[in-house]
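Here's the structure, in structure tokens; my notes come after.
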């Protein structure tokens with residue numbers, strides 16, 4: 001990703017708006033008793049568009065702002081989301097996104113990873129009480145929501161950040177030589 | 001050139017990971033810090049505006065969820081569903097707010113809130129997105145007299161406790177959070193125990209450490225115990241309604257010394273709450 005001041009401002013706006021939208025809307029609605037989690041999808045999409053560094057830095061920033069606004073211990077969400085963004089970026093750097101299904105599928109898988117990560121951080125900080133089996137339902141349904149949200153968010157961000165993206169140049173196949181008189 | 005780039009990337013990544021662990025180590029268990037208070041103070045007004053602006057959209061989405069839920073119920077619930085639909089579809093936020101405030105006033109008048117407590121009403125403006133942290137942010141803070149450890153209720157009963165405050169907002173850790181523990185008693189039996197969450201299921205709490213010789217029955221109410229002794233007292237006033245016993249098998253009571261409790265307050269759908277300020281904050 002080519003980072004100009006304009007693109008940087010756009011990225012900051014995306015991070016702030018994403019966190020505000022999550023806290024004021026997505027966290028407070030429940031579809032089938034589960035609230036969608038927009039933030040991993042946002043970080044994964046940015047990682048897929050910009051690579052490992054963009055994914056990791058935006059993941060860290062989103063997590064930091066989230067922890068600040070929720071007055072949670074700082075660092076937990078940052079750690080999970082930076083790992084999620086980094087993995088998405090790593091995929092972009094290693095493989096080609098050749099199918100429109102790849103971004104939503106990655107959003108689904110990595111959201112599950114992020115939610116498990118949040119659980120791991122919480123367990124690391126100490127949970128000395130019962131854990132309901134409904135946690136599993138919550139994780140799975142959140143991943144399905146991520147699949148649904150993944151494609152529009154990925155496309156929207158791609159459009160918004162188009163001037164900064166390093167597109168793979170179209171590889172033209174050399175023409176077959178024409179054999180005259182054959 | 002390429003190697004230099006890779007090295008720089010690795011350095012940034014390592015810095016971010018180390019930074020996360022350092023922040024976690026420094027801030028864990030220390031409540032809110034200056035940075036969080038500053039960021040929260042800046043964003044609180046924006047969050048309040050966003051919360052108000054997005055309320056109709058939230059009501060619409062929640063209406064679909066409630067409608068889907070209600071379809072499977074029997075005809076006895078049809079009237080309630082119609083009433084809920086009227087509230088949601090009509091987007092009559094004022095009506096819903098009025099009902100919530102009335103319930104809060106009833107809770108005050110009913111004597112559930114003892115004298116010495118000054119209720120401060122607040123609205124939920126943000127909610128944690130993960131199932132692991134059950135906490136919400138409200139738009140009342142230290143400027144309104146809210147302090148850490150103040151109990152929080154809504155019209156149905158106990159909701160949680162204040163765990164961090166800034167000038168204009170406060171973090172409320174719900175009773176469904178993994179860190180929550182509330183001393184409680186079953187009425188009219190008086191059996192005492194500790195209300196613990198069942199993480200991931202805000203509709204199910206566990207009344208733990210009960211006296212297994214006294215048998216608790218399904219449907220009995222659970223209220224805060226509000227103990228006092230040797231110069232210290234519970235942060236929760238006595239007799240605040242918490243929930244009702246849902247499953248109370250004798251085997252579970254005898255073997256595990258616990259019963260399951262459904263909270264009176266709908267912890268997934270909180271809007272207006274009251275912080276009981278001025279009580280014990282031990």
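FYI, it's all coordinate maths here, none of it is from the lab. As the structure is a computational prediction, the values presented were derived from the model and not from experiment. Quick reminder, even Gly has a Cβ in these numbers, built from the backbone with ideal geometry, and neighbours come from all protein chains shown.
Counting, for every residue in A:29-37, the Cβ atoms of other protein chains within 10 Å of its Cβ and taking the mean gives 6.
With Cα atoms defining each centre, region B:9-28 and region B:151-178 are spaced 30 Å apart in the structure. Can you tell me the orientation of helix A:76-94 relative to chain A, as the angle in degrees between its alpha-carbon axis and the longest Cα principal axis, to the nearest 10? Once rounded, one gets 10 degrees. Full extension of the segment from residue A:97 to residue A:12, taken as 0.36 nm per residue of separation minus the current Cα-Cα distance, would add 28.1 nm. Peptide B:51-64 is shielded by partner chain Cβ atoms: per residue, an average of 3 of them sit within 10 Å of its Cβ. Against the main long axis of the alpha-carbon atoms of chain A, helix A:38-50 sits at an angle near 30°. For region B:142-263, relative contact order (Cα pairs under 8 Å, six or more residues apart, normalised by length) works out to 21 percent. Here r is the Cβ-Cβ distance between residue B:15 and residue B:69 and R0 is 41 Å; the resulting FRET efficiency, rounded to 0.05, is 0.30. Any idea what angle helix A:5-24 forms with the longest principal axis of chain A, computed on alpha-carbon atoms, 0 to 90 degrees, nearest 10? Here the helix axis deviates by roughly 40 degrees.
Taking every residue in A:109-121 and counting other chain Cβ atoms within 10 Å of its Cβ, the average works out to 2. In chain A, the calculated helix contribution to ellipticity at 222 nm averages -23000 deg cm²/dmol per residue, counting -39,500 (n - 2.57) for every DSSP H run with n ≥ 4.
Percentage of Cα-Cα pair distances in region B:1-71 greater than 21 Å, rounded to whole percent?
64
Here each label is just a point 7 Å from Cα along the line to Cβ, and for residue B:41 and residue B:250 those points are 6.1 nm apart.
Dimensions of region B:119-212 from C-alpha coordinates, computed as largest minus smallest value along each principal axis and given longest first, are 45, 28, 20 Å. Residues considered: A:101, A:87, A:66. Largest GNM mean-square fluctuation over chain A, using C-alpha springs under 10 Å, is found at A:101.
Using Cα springs under 10 Å in a Gaussian network model of chain A, which residue among A:103, A:40, A:73 shows the largest mean-square fluctuation? The residue that fluctuates most here is A:73.
A straight line joining the Cα centroids of region B:117-137 and region A:90-106 runs 37 Å. For chain A, a Gaussian network of Cα nodes joined below 10 Å ranks A:59, A:18, A:133 by mean-square fluctuation, and the top entry is A:133.
The ranking of A:96, A:122 from fewest to most other beta carbons within 10 Å of each one's beta carbon is A:96, A:122. Here is the P(r) of chain A: all C-alpha pair distances, binned every 10 Å from 0, give 9, 36, 32, 12, 5, 3, 2, 1, 0 in whole percents.
Relative contact order of chain A, please, whole-number percent, based on alpha carbon pairs below 8 angstrom and at least 6 residues apart.
Contact order relative to length: 25 percent.
Can you tell me, using C-alpha contacts under 8 Å and at least 6 residues apart, the relative contact order of region A:92-163 as a whole percent?
On the way: 35 pairs, mean separation 37.9, N = 72.
Reported as a whole number, the value is 53 percent.
Between residue A:33 and residue B:215, the modelled labels are 2.9 nm apart [label points 7 Å from Cα along Cα→Cβ]. One decimal place: the segment residue A:105-residue A:140 gains 11.3 nm when fully extended, by the rule 0.36 nm per residue minus the C-alpha distance.
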